[in-house]
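Engineer: My questions all concern the structure below.
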């Protein structure tokens, strides 16, 4: 199954000049969604990890299913002010603005190796912030798995240059 066939491209969203790669067309097809989860599970077998983390919000869709299949704890990396207990926070740049993500301070510890799953990597700012959250929590990033890599925007390459392991299921140009 070619998962690329299930990704819708929307020009000028969320702002002019951005070509948005929409995963809703992939997840609404039960066979494409199942295949995506199966591919993430299969690729995850390359890595040793104790927990799975996902970046809000589309990463939750994939990571929660993978967490269920692999019977691994699932950690939420959320937007600012969405978690009720004490948090670690990281501010970062997006290709179209700035943002903050947070993790509960008691979610990750020094014994944890964390697989980070997200729907898409573009410039890599969000992924780098996620890695920093794991690391300031004293955990280790086992690897990243992305459904979509916008290869010409360089985020995946930057993670590799920073000595992170990265897997991508699908590749598209960013524009």
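The values are calculated or read from the model by the stated rules, or taken from the named source; none is laboratory data. Just so we're clear, the structure is a prediction, and the values are computed from it rather than from any experiment. Virtual Cβ from ideal backbone geometry, glycine too; neighbours counted across all protein chains shown.
Engineer: Looking only at residues that are touching a residue at least 60 places away in the same chain (Cβ under 8 Å) and assigned to a loop (DSSP other than H, G, I, E, B) in the range 132-167, which one is nearest to residue 104 (Cα to Cα)?
Structural biologist: For the range 132-167, the residue satisfying everything is 139.
Engineer: Whether any residue in the range 14-30 is within 15 Å of residue 127 (Cα to Cα) and either surrounded by 14 or more Cβ atoms within 10 Å (Cβ to Cβ) or in contact with a strand residue (DSSP E or B) (Cβ under 9 Å, 6 or more places away or on another chain) (or both) is what I want to check.
Structural biologist: The answer is no, given that none of the residues of the range 14-30 is within 15 Å of residue 127 (Cα to Cα) and either surrounded by 14 or more Cβ atoms within 10 Å (Cβ to Cβ) or in contact with a strand residue (DSSP E or B) (Cβ under 9 Å, 6 or more places away or on another chain) (or both).
Engineer: With the condition being touching a residue at least 24 places away in the same chain (Cβ under 8 Å), more than 13 Å from the chain's Cα centre (by Cα) and over 24 Å from residue 27 (Cα atoms), I'd like the strands (runs of 3 or more DSSP E) fully within the range 80-131 carrying at least 2 qualifying residues.
Structural biologist: 87-94, 97-104
Engineer: Inside the range 1-32, can you point out the residues that are farther than 19 Å from residue 63 by Cα and part of a strand (DSSP E or B)?
Structural biologist: Within the range 1-32, 8, 9, 10, 11, 19, 20 meet the criteria.
Engineer: Here is a list of conditions, (1) under 20 Å from residue 170 (Cα atoms); (2) within 14 Å of the chain's Cα centre (by Cα); (3) in a helix (DSSP H, G or I), and residue 35 meets all of them except one; can you say which number that is?
Structural biologist: So the condition that residue 35 fails would be (2).
Engineer: So for the range 64-71 (the condition being surrounded by fewer than 17 Cβ atoms within 10 Å (Cβ to Cβ), more than 21 Å from residue 109 (Cα to Cα) and in contact with a strand residue (DSSP E or B) (Cβ under 6 Å, 6 or more places away or on another chain)), does at least one residue qualify?
Structural biologist: No, the range 64-71 has no match at all.
Engineer: Something else now. For residue 99, indicate whether it is in contact with a strand residue (DSSP E or B) (Cβ under 7 Å, 6 or more places away or on another chain) and modelled with pLDDT under 95.
Structural biologist: yes
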